[in-house]
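The values are calculated or read from the model by the stated rules, or taken from the named source; none is laboratory data. The structure displayed is predicted, hence computed values, not measured ones. Please note: Cβ atoms are built from the backbone with ideal geometry, for glycine as well, and neighbour counts cover all protein chains shown.
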């Protein structure tokens, strides 16, 4: 089976993906994230940029949708984190008193420039007080409804079973196995 480039600037994301997709290799690149509330626009901009690196690859984008502010920040989570951090996001949610949230991961597998396949993982959950020692984005804020712990408090193996990334990548893995037959 051929190796597929997994393009991300985040080694932790790659390491989690490697547990599900053994035939990937890491291409370290921070792909630009356009500012859009539409996750499909964000992932397509990443796909277009990734074409500059390879023709067969995987890219992803993850978003966090807070019920209390009508689904924001969604795909803009990176910008919220850089401006107010996990503590600021928690304080915002706490002020509204509505802790419901949804995490969505969109994954694109580009077999070549004309064959793009999309997979999505979606998990309902709630916002919890962040672990300030966590260095994995907003994972310390988000607790899936099927878990007693935040995503960052879980082992990588546990996280891959219930995280939006794990769900999307398992769908991709199934697709790749079906294509190999």
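Need the failing condition index for residue 115 against (1) closer than 26 Å to residue 45 by Cβ; (2) in contact (Cβ under 8 Å) with a residue 24 or more places away in the chain, just the number.
(2)
Could you grab me the full set of residues in the range 1-26 that are touching a strand residue (DSSP E or B) at 6+ places or on another chain (Cβ under 8 Å) and modelled with pLDDT under 90?
3
Being under 16 Å from residue 9 (Cβ atoms), outside any helix (DSSP H, G or I), out of contact with any helix residue (DSSP H, G or I) (no Cβ under 9 Å at 6 or more places or on another chain) and touching a residue at least 12 places away in the same chain (Cβ under 8 Å) is the filter here; which residues of the range 31-67 pass it?
Result: 53, 54.
Against the definition (in contact with a helix residue (DSSP H, G or I) (Cβ under 7 Å, 6 or more places away or on another chain), within 19 Å of residue 46 (Cα to Cα) and not in a loop (DSSP other than H, G, I, E, B)), how does residue 165 come out, yes or no?
Yes, satisfied.
Considering only the range 95-117, state which residues are surrounded by 16 or more Cβ atoms within 10 Å (Cβ to Cβ) and in contact with a helix residue (DSSP H, G or I) (Cβ under 7 Å, 6 or more places away or on another chain).
Answer for the range 95-117, where residues must be surrounded by 16 or more Cβ atoms within 10 Å (Cβ to Cβ) and in contact with a helix residue (DSSP H, G or I) (Cβ under 7 Å, 6 or more places away or on another chain): 99, 101, 103, 104, 105, 106, 107, 108, 109, 110.
Among what's in the range 145-166 and is surrounded by 21 or more Cβ atoms within 10 Å (Cβ to Cβ) and touching a strand residue (DSSP E or B) at 6+ places or on another chain (Cβ under 8 Å), pick the residue that is farthest from residue 86 (Cα to Cα).
Here the answer is 166.
Residues 78, 129: which one is over 24 Å from residue 171 (Cα atoms) and either surrounded by 17 or more Cβ atoms within 10 Å (Cβ to Cβ) or touching a strand residue (DSSP E or B) at 6+ places or on another chain (Cβ under 7 Å) (or both)?
Exactly one residue qualifies, and that residue is 78.
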